[in-house]
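The values are calculated or read from the model by the stated rules, or taken from the named source; none is laboratory data. Keep in mind that this is a model prediction, so the values were computed, not measured. Every residue, glycine among them, receives a Cβ derived from its backbone with ideal geometry; neighbour counts consider all protein chains shown. To get the accessible areas, we keep the full protein, side chains included, count just its heavy atoms, and leave off ligands, DNA and RNA. Shrake-Rupley method; radii C 1.70, N 1.55, O 1.52, S 1.80 Å.
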Amino acid sequence: MKIIMLGAPGAGKGTQAQMIADKYNIPHISTGDIFRANIKNGTELGKKAKEYMDKGLLVPDELTVQLLLDRVANEDCKNGYVLDGFPRTIPQADVLDSELTKLGDKVDYAVNVDVPDENIVHRMSGRRACLKCGATYHIEHIPPKTEGICDKCGSELVLRDDDKPETVQNRLAVYHEQTQPLIEYYDKKNILKTVDGTKDMQEVFSDIVNILNA
Ligand code: ADP
Ligand code: AMP
């Protein structure tokens with residue numbers, strides 16, 4: 001099963017993608033996590049990506065598309081995957097579509113986690129991320145068992161640089177301009193499924209499972 005998560009930054013794509021990955025035993029692939037791991041490790045890619053990410057801009061396709069195609073070509077993706085944060089533009093979606101078509105394959109579902117802009121700044125200012133394993137928490141809604149420490153791997157949790165309110169406004173504007181058109185793109189392909197992302201995390205997940213199991 002190949003699934004794409006759509007939605008504004010902070011809508012809960014990563015949270016739901018990880019739950020889907022655990023339930024269906026497929027990898028959760030987040031281009032944002034891949035970039036953050038590169039930044040943490042001080043790679044050339046990380047240095048270049050950080051310039052864009054810190055401003056709330058998209059990393060250029062030259063640095064993003066091949067990275068994603070290489071990742072989904074890995075052996076662990078042969079039974080499917082859930083993509084979180086890719087595609088983010090129509091050209092990225094076109095490349096993914098044509099690469100899959102060459103293999104006689106396709107995306108099965110594009111799950112749109114719908115959350116209004118008013119909720120997003122609160123979601124993102126309360127987000128705490130583990131840069132080691134990619135797990136995500138919220139200080140009010142989804143707190144870790146021990147404050148500041150990842151439940152899964154014991155590493156320190158951080159407020160992402162790009163979750164500061166001034167950057168969040170840019171990220172939302174970029175989302176509306178460049179990523180939101182993908183909703184219509186996948187609707188035309190008849191694979192769009194929209195869920196109400198303002199519900200509690202378990203309720204959102206159960207709505208998604210009902211769609212995937214239908
Ligand atoms: P995205 O991957 O779309 O950027 P995340 O999954 O990181 O979003 O979620 C953004 C923030 O909102 C995180 O702090 C996360 O813990 C929290 N969150 C996710 N889903 C919900 C939910 N259904 N209700 C409340 N908070 C949520
Ligand atoms: P995310 O973790 O998905 O919120 O992504 C964090 C940041 O990484 C984004 O604001 C972009 O700067 C960058 N990024 C992640 N995925 C992509 C992508 N598919 N295309 C371009 N930039 C991306």
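Out of all DSSP beta bridges in the chain, what portion is antiparallel? Express it as a percent rounded to 5.
Values: 7 of 23 bridges.
Counting DSSP beta bridges with both partners in the chain, the antiparallel share is about 30 percent.
Multiply the residue gap between residue 191 and residue 23 by 0.36 nm, knock off their C-alpha separation, and tell me the result in nm, one decimal place.
Details: separation 168, 0.36 × 168 = 60.48 nm, distance 2.06 nm.
Roughly 58.4 nm would be gained on extension.
May I ask you to derive the FRET efficiency for residue 99 and residue 160 from their Cβ-Cβ distance with R0 = 30 Å, giving the value to the nearest 0.05?
Working: r = 29 Å, r/R0 = 0.98.
Efficiency for this residue pair is about 0.55.
Give me the distance in nm between label points sitting 7 Å out from Cα along the Cα-to-Cβ direction at residue 199 and residue 173, one decimal.
Label at residue 199, label at residue 173, 3.4 nm between them.
Along segment 172-185, what does the Karplus equation 6.51 cos²θ - 1.76 cosθ + 1.60 (θ = phi - 60°) give for ³J(HN,Hα), rounded to whole Hz, x for Gly and Pro?
5, 5, 4, 4, 5, 6, 9, 9, 4, x, 5, 4, 5, 4
Where only protein heavy atoms count, and the probe is 1.4 Å, what is the accessible area per residue for segment 1-67 in Å²?
Numbers: 2890 Å² over 67 residues.
For segment 1-67, the per-residue accessible area is 43 Å².
So how much slack lies between residue 146 and residue 214, counting 0.36 nm per residue of separation and subtracting their Cα-Cα distance, in nm?
Values: separation 68, 0.36 × 68 = 24.48 nm, distance 3.75 nm.
Length difference between fully extended and current span is 20.7 nm.
Can you give the alpha-carbon Rg of the chain over 2.2 N^0.38 Å, where N counts its residues?
0.96
For residue 112, list long-range residues whose amide hydrogen, built 1.01 Å from N in the peptide plane, is under 5 Å from its own amide hydrogen.
6, 193, 194, 195
Could you tell me what percent of the accessible area of segment 1-118 is made up of carbon and sulfur, with a 1.4 Å probe and every protein chain present? Don't skip to the answer; put the middle values down first.
Working: 2720 of 5400 Å².
Of the solvent-accessible surface of segment 1-118, carbon and sulfur hold 50 percent.
State the Cα centre-to-centre distance between segment 97-173 and segment 31-70 in whole Å.
Here the two parts' Cα centres lie 15 Å apart.
Work from the charge dipole of the chain (Cβ charges, +1 for Lys and Arg, -1 for Asp and Glu, about the Cα centre) and give the residue of 115, 131, 206 farthest towards its positive end.
131
Per-residue HN-Hα couplings for segment 187-200, Karplus 6.51 cos²θ - 1.76 cosθ + 1.60 at θ = phi - 60°, whole Hz, x for Gly and Pro?
Karplus-based 3J(HN,Hα) across segment 187-200 equals 5, 5, 8, 6, 10, 7, 10, 9, 10, 7, x, 7, 6, 4 Hz.
Which of the trypsin sites (Lys or Arg not before Pro) across segment 1-109 are loop residues per DSSP, with 11 or fewer other Cβ within 10 Å?
When the trypsin sites (Lys or Arg not before Pro) of segment 1-109 are filtered for loop state and at most 11 Cβ neighbours within 10 Å, 78 remain.
How about the chain: what cysteines have no other cysteine beta carbon under 4.7 Å from their own?
Here 77 come out as lacking a disulfide-compatible partner, given the Cβ-Cβ threshold of under 4.7 Å.
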